[in-house]
1. Looking only at the stretch B:134-156, how many residues end up being buried (at least 20 other Cβ atoms within 10 Å of the Cβ) and within 13 Å of another protein chain (Cβ to nearest Cβ)?
2. Can you report the number of residues in the stretch B:116-133 which are surrounded by 17 or more Cβ atoms within 10 Å (Cβ to Cβ) and more than 26 Å from the chain's Cα centre (by Cα)?
3. Just name the residue that is surrounded by the fewest Cβ atoms within 10 Å (Cβ to Cβ) out of those in the stretch A:73-108 that are over 20 Å from the mean Cα position of the chain (by Cα) and closer than 16 Å to residue A:258 by Cα.
4. If you check every pair at least six apart or on different chains, which have Cβ atoms under 6 Å apart with a residue in the stretch A:1-20 that is touching a residue at least 24 places away in the same chain (Cβ under 8 Å) first and a residue that is exposed (fewer than 15 other Cβ atoms within 10 Å of the Cβ) second?
5. Please work out which residue is surrounded by the fewest Cβ atoms within 10 Å (Cβ to Cβ), limiting yourself to the stretch A:250-290 and to residues that are assigned to a helix (DSSP H, G or I) and hydroxyl-bearing (Ser, Thr, Tyr).
6. Scanning for something within 17 Å of residue B:210 (Cβ to Cβ), buried (at least 22 other Cβ atoms within 10 Å of the Cβ), outside the structural domain of residue B:277 (by TED's automatic domain parsing) and touching a residue at least 40 places away in the same chain (Cβ under 8 Å), does the stretch B:59-72 turn up at least one residue?
7. Inside the stretch B:78-95, can you point out the residues that are assigned to a loop (DSSP other than H, G, I, E, B) and either within 8 Å of chain A (Cβ to nearest Cβ) or not hydroxyl-bearing (Ser, Thr, Tyr) (or both)?
8. Given B:145, B:169, B:131, which one is farther than 19 Å from residue B:100 by Cβ, aliphatic (A, V, I, L, M) and assigned by TED's automatic domain parsing to the domain that holds residue B:51?
Amino acid sequence: MTKYILKRIAYMILTLFIVATITFFLMKMMPGSPYTNEAKMTKTQLRIMNEQYGFNKPLWEQYVIYLAGLVHGDFGISFQYSNMPVSQLIGSRIGASAQLGLQAMIFGVFFGVIIGAIAAIKRNTWVDTTATVLSIIGKSVPNFVLAVLLQYYIALKLGWFPIAGWGTFSQTILPTIALGVGPLAETARFVRTSMVDTLTSDYIELATAKGLSLTQVIRKHALRNSMIPLVTLLGPYTVSLMTGSMVIENIFNIPGIGEQFVKSILTNDYPTIMGTTIVFSLGLVIVLLITDIVYSLIDPRIRLQGSDA
Amino acid sequence: MSERILDVKNLKIDFHTYAGEVKAIRNVSFHLDKGETLAIVGESGSGKSVTTRSIIGLLAGNAEIMGGSIKFHDQEMLNNSEKDWQSIRGNKIAMIFQDPMTSLDPTMKIGQQIAEPLMKHKHVPKKEAWARALEMMKAVGITNAEERINEYPHQFSGGMRQRIVIAIALICEPEILLADEPTTALDVTIQAEILDLMKDLQKRVKTSIIFITHDLGVVAGMADRVAVMYAGELLEYGNVDEIFYNPQHPYTWGLINSMPTLHIEKLESIPGTPPDLLDPPKGDPFAPRNKYALRADVEAKPPFFKVSPTHYASTWLLDPRAPHVEPPAEIKRRWAKYRELQAAKSNS
C-alpha cells in the first residue's frame with residue numbers, strides 16, 4: 001500500500017508539472033496585459049514596468065524563473081493587491097471554498113443516495129418517476145440560474161436565509177444547495193440504476209431466501225454493493241464543484257478562490273492565475289488518489305497494484 | 001407411512017405480462033415426506049422453478065397465485081404474511097440456487113454470509129454463529145476453513161462457492177431444502193461431488209429435499225420419488241424405479257429416450273416446442289408433440305390413472321378403452337427389466 005501511494009504521489013507531481021506548463025503558455029497567449037491603463041502609459045513607463053515584472057525576458061526564461069520559484073513553494077506576488085504573495089492570497093480564501101465544496105458534496109451525495117435508493121426500491125411506480133423527473137431537472141438547470149432563483153424566492157421573498165455573504169452558517173445554506181443540486185441529481189440517477197441492478201441480482205435473492213427483511217437486505221447487502229461504483233464519481237464531482245464554485249462564489253459574494261480565479265483571469269493577474277490553477281489541480285489529484293484508496297478499501301475484489309495484500 | 005411435511009394441492013400460478021395472462025402453473029399437486037428427496041424433472045419453462053419458488057414465497061412481482069393450497073405441516077402457506085415468510089425462509093425451508101458464481105454477496109466475508117441466517121433466526125450471538133459457520137464450512141468440505149472464513153467469494157472456485165451456498169442453506173437445519181438445478185452451472189466432476197455432499201448432509205441434518213433438474217441422469221442417484229413436469233402441469237409421478245423402468249407417459253418416454261445410456265445407439269430428441277401458455281391446450285399439453293397421442297389426448301385433459309399406489313400418469317393411453325400402443329424399444333427394454341425386478345421381489 002505504501003509503495004503504491006508513493007508511486008501515485010510521484011505521478012501527481014508529474015501531473016502538476018504538466019498542468020503548470022500548459023497553463024503557463026496558454027496564459028501568456030491570452031490577449032491584453034496586466035496593466036489597467038495600458039493605453040495611457042508611455043513607452044518608457046511600459047518598459048520600466050515590463051522590466052520590473054520580467055516580461056521583457058524571453059518566454060522560456062520567464063517559464064524557467066517561474067518554475068524555479070514554484071519548486072521553492074513561491075507562487076509569486078499578486079498584481080491585483082500590491083505586494084501580497086499569491087500563497088497568502090490563496091491561503092486566506094481557500095477555507096471558504098473548501099467548506100462550500102465539502103458541504104455541497106456531502107449534501108449532494110447524502111440526499112442523492114437516499115433519493116436514488118428509494119427510487120430503486122419503488123421502481124416503476126410514481127415515486128420512481130417523480131425522482132427521475134426531478135433528477136433530470138436538477139441536472140439540466142444550470143447552477144447559476146438555480147442560485148438566482150434561490151436568492152429571489154428563498155432569501156428575498158421568504159427571507160429564510162441571507163441573500164449573500166459569508167461568515168455565518170446560515171449564509172452557507174443557499175450556495176451549498178445551488179452548488180450541490182447537480183451532484184445530487186447525478187448521484188440519484190446513478191444510485192437508482194446501480195441499486196436496481198443490485199436488487200435483481202442473485203445474491204439479493206439468496207439474502208431474501210435467508211429470511212432477511214427488505215430493510216435488512218438493503219442495509220446489509222444492497223446498499224454497499226450499489227454504492228461502490230459511486231466512488232468513481234468523486235473525481236468528476238470535484239471538478240464540477242470547482243468550476244461551479246467560480247460562478248456560485250461570485251453570485252453569493254463568497255471570498256473563495258473560485259471567485260478569485262475569475263477575477264485574476266479578467267485582470268491578467270498571471271501569478272494568481274497560475275497559483276489558483278495549481279491549487280485546483282492539486283485538489284483534484286488528491287481526490288483521485290483518495291478515490292482509488294477508498295475503492296480498494298470498500299471492494300475486496302479490487303487490490304491495488306504494487307500493494308502487499 | 002412416514003410423516004408428510006409438505007402438501008401442494010391444485011396450485012395455479014399466473015404471470016401478468018404485456019402479452020396477457022401466462023398460465024404458468026395449472027393444477028399442480030404433489031407432496032413431500034420427511035427425509036425423502038423428490039425430484040421435479042422438466043425442460044426449461046416447464047414451471048418447475050416457479051413451483052418451487054412458490055413454496056418459499058419468492059415468486060416474481062408479476063406472478064400471482066390463482067388458487068390451490070400449499071400446506072407446510074398444518075400451516076397454509078398461501079395465507080402467510082411477509083413476516084411469516086421471513087420466519088420460514090432460511091430457517092424451516094431453505095433454497096439453493098443455480099449459479100454459485102453470482103449467489104454470494106461479493107463484498108461480504110464468507111463467514112458472515114454463512115452465519116447470517118443463524119443470527120437472524122436463532123438469535124445466536126455473532127461469535128457463536130461464526131463458530132458454527134466454521135463447523136459448517138468443514139462439513140461441506142472446505143479445507144483450511146479457519147483461514148478461508150475471512151475470505152470473500154471471488155477467492156473461491158465455482159464448486160467451492162456452491163458448497164458455501166449449501167452451508168448457508170443448511171446452517172439452520174431446515175426441514176425442507178429446495179435445490180434449483182444446483183449442479184447445472186458446474187463441471188461434471190464437481191457435479192458428482194456436490195450431489196454426494198448433498199446426500200451426505202441430508203442424512204446428517206435430516207432434511208427433505210426438492211430437487212429440480214432437467215437432467216434425468218442426475219435424478220437416478222439422488223431422488224426417492226420423481227415428478228415429471230411439462231408446460232406447467234404434472235404428467236407423471238412415482239418412485240424413482242417406477243419412473244425409470246415403468247414409465248407410462250409418452251413425455252417421460254421421450255425424456256428417457258433422450259438420455260444417453262449404454263444401450264442407446266442413437267440419441268433421440270423430442271421434436272417440436274412446448275405450447276404457448278398464454279393459451280394453454282385443453283387436453284394433454286404434450287399431445288401436439290406426441291406421436292403416440294390419441295384423439296382424446298388432444299380433446300380432453302386426461303385424469304391421473306393409477307399405475308401403482310405410488311405411481312400415477314396423466315395420459316389416455318392408460319384408459320382401458322385405449323388402443324394398444326407400441327412404445328420405443330428402449331422403453332420396452334426397461335419395462336421388461338421392471339417386470340423381472342417385480343417378479344424377483346414377489347418371489348423373495
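1. 1
2. We begin by selecting, within the stretch B:116-133, every residue surrounded by 17 or more Cβ atoms within 10 Å (Cβ to Cβ); these are B:116-121, B:124, B:129-130, B:132-133.
Imposing the further condition that a residue be more than 26 Å from the chain's Cα centre (by Cα) reduces the set to B:119-120, B:124, B:129-130, B:132-133.
Number of matching residues: 7.
3. Just the residues of the stretch A:73-108 that are over 20 Å from the mean Cα position of the chain (by Cα), to begin with: A:73-86, A:88.
Of the ones still in play, those that are also closer than 16 Å to residue A:258 by Cα are A:78, A:80, A:86, A:88.
Working: A:78: 23, A:80: 18, A:86: 27, A:88: 13.
Here the residue is A:88.
4. A:1/A:307; A:3/A:306; A:4/A:306; A:4/A:307
5. A:281
6. no
7. Within the stretch B:78-95, B:80, B:90, B:91, B:92 qualify.
8. B:131
The values are calculated or read from the model by the stated rules, or taken from the named source; none is laboratory data. Everything numeric in this text was worked out from a predicted model, so none of it was measured. Quick reminder, even Gly has a Cβ in these numbers, built from the backbone with ideal geometry, and neighbours come from all protein chains shown.
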